[in-house]
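The values are calculated or read from the model by the stated rules, or taken from the named source; none is laboratory data. Since we're looking at a predicted model, the values are computed, not measured. Heads up, the Cβs are rebuilt from the backbone with ideal geometry, glycines too, and the neighbour counts pull from every protein chain shown.
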Amino acid sequence: MIFLKSDEEIELLRISNIIVAKTLAEMAKIIAPGVSTEQLNKVAHEFIRDQGAVPGFLGYSGFPKSICTSVNEQVVHGIPSDKVILEDGDIVSVDCGAYINGFHGDSAYTFCVGNVKPEIIDLLRVTKESLYKGIEQAQEGKRLGDLGNAVQNYCEKRGFSVVREMIGHGVGRNLHEAPEVPNYGRRGNGMMLKAGMTIAIEPMINLGSRNLVFEKDGWTTRTLDRKPSAHFEHSVAVRRGKADILSSFEYIEQVLGNNAI
Ligand code: MG
Ligand code: MG
């Protein structure tokens, strides 16, 4: 069942997503070599609570933390830990949710830690650009296959591979709603998008092969070949003629300045 949102509901979703955007900017301020992913979790948790919101991921299907932190070959759903210390040259995807006024925000950004190899920076840049290629298709009358195809085509043409097992989703009163939003597909295929649908688009793109492994912790996914994976996510409202991006990377990129990818 797909819940179409009214304009008022979309504005509430924007509020939730702006809290997520500002939380990710707090991450941008502190991510550095020597910082543990649990430190990131603590800062995010406190910041979300200070905004009067609830961390949307904490306790979701039993997830134990307030953000997901996925380092290097980890694709998504990494669990913050005191034992995971960021090192120079790492990348870390931070996926964050905030719940307020009955609606969930959901957005993710992959950050560089210190000096990252150019080929990995290229992976991050292409993944982020592919997200916007997908968003361009998130308008009334396009199909989910158009969206997935735009992401897939953009990344594969540049030599990267698209994760299949994990995909985007509808977002609203529930963190995960219908429809499923794959980052691959065929143009003209799949469900037609309607104004008022709100979806989280989140390409997960690998430097090497697309194959994944699920770690024994029951959450973390990583690449089979242990090459790096990048992840960027926006929550978006489908509109007539143009997508409406509800989350934002502007706060992050103000913090990163010239170091933004
Ligand atoms: Mg997310
Ligand atoms: Mg999501």
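Here are the numbers:
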| item | result |
| --- | --- |
| Residue ID - farthest from ligand 1 (Cβ to nearest atom), chosen from residues in the stretch 178-190 that are surrounded by 15 or more Cβ atoms within 10 Å (Cβ to Cβ) and assigned to a loop (DSSP other than H, G, I, E, B) | 187 |
| Pair list, Cβ < 8 Å and 6+ apart or interchain, from the stretch 170-184 residues that are modelled with pLDDT under 95 to residues that are in a loop (DSSP other than H, G, I, E, B) | none |
| Qualifying residue in the stretch 194-206 (condition: over 30 Å from residue 101 (Cβ atoms), assigned to a strand (DSSP E or B), of a type in the set (S, T, N, Q) and modelled with pLDDT of 95 or more) | yes |
| Count of residues meeting criterion [more than 19 Å from residue 175 (Cα to Cα) and of a type in the set (A, V, I, L, M, F, W, C)] in the stretch 33-73 | 5 |
| Which numbered condition residue 172 fails, given (1) within 16 Å of ligand 2 (Cβ to nearest atom); (2) more than 16 Å from the chain's Cα centre (by Cα) | (2) |
| Every residue from the stretch 125-163 that is within 16 Å of ligand 2 (Cβ to nearest atom), out of contact with any helix residue (DSSP H, G or I) (no Cβ under 9 Å at 6 or more places or on another chain) and under 22 Å from residue 213 (Cα atoms) | 163 |
| Complete set of residues in the stretch 83-139 that are farther than 15 Å from residue 206 by Cα, outside any strand (DSSP E or B) and among the hydrophobic types (A, V, I, L, M, F, W, C) | 84, 86, 113, 116, 135, 138 |
| Qualifying position, being closer than 26 Å to residue 9 by Cβ and free of Cβ contacts under 8 Å to residues at least 40 places away in the same chain, among 99, 109, 132 | 132 |
| Test result for residue 150, out of contact with any strand residue (DSSP E or B) (no Cβ under 8 Å at 6 or more places or on another chain), within 25 Å of residue 123 (Cα to Cα) and of a type in the set (Gly, Ala, Ser) | yes |
| Members of the stretch 36-65 that are crowded, with 21+ Cβ neighbours inside 10 Å, within 16 Å of ligand 1 (Cβ to nearest atom) and under 18 Å from residue 101 (Cα atoms) | 48, 53, 55, 56, 57 |
| Qualifying positions in the stretch 208-239 - touching a strand residue (DSSP E or B) at 6+ places or on another chain (Cβ under 7 Å), outside any strand (DSSP E or B), over 20 Å from residue 185 (Cβ atoms) and away from ligand 1 (no atom under 16 Å from the Cβ) | 208, 215, 224, 227, 228 |
| Residue pairs meeting the criteria (Cβ under 6 Å; at least 6 apart or on separate chains; first more than 19 Å from residue 138 (Cβ to Cβ), in the stretch 239-261; second charged (D, E, K, R) and modelled with pLDDT of 95 or more) | 251/22; 255/29; 260/253; 261/125 |
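Listed here are the residues, each with its yes/no results for (1) in a helix (DSSP H, G or I); (2) at pLDDT below 95; (3) in contact with a strand residue (DSSP E or B) (Cβ under 8 Å, 6 or more places away or on another chain); (4) not aliphatic (A, V, I, L, M).
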position	(1), (2), (3), (4)
40	yes, no, yes, no
47	yes, no, no, yes
57	no, no, yes, yes
70	no, no, yes, yes
75	no, no, yes, no
79	no, no, yes, no
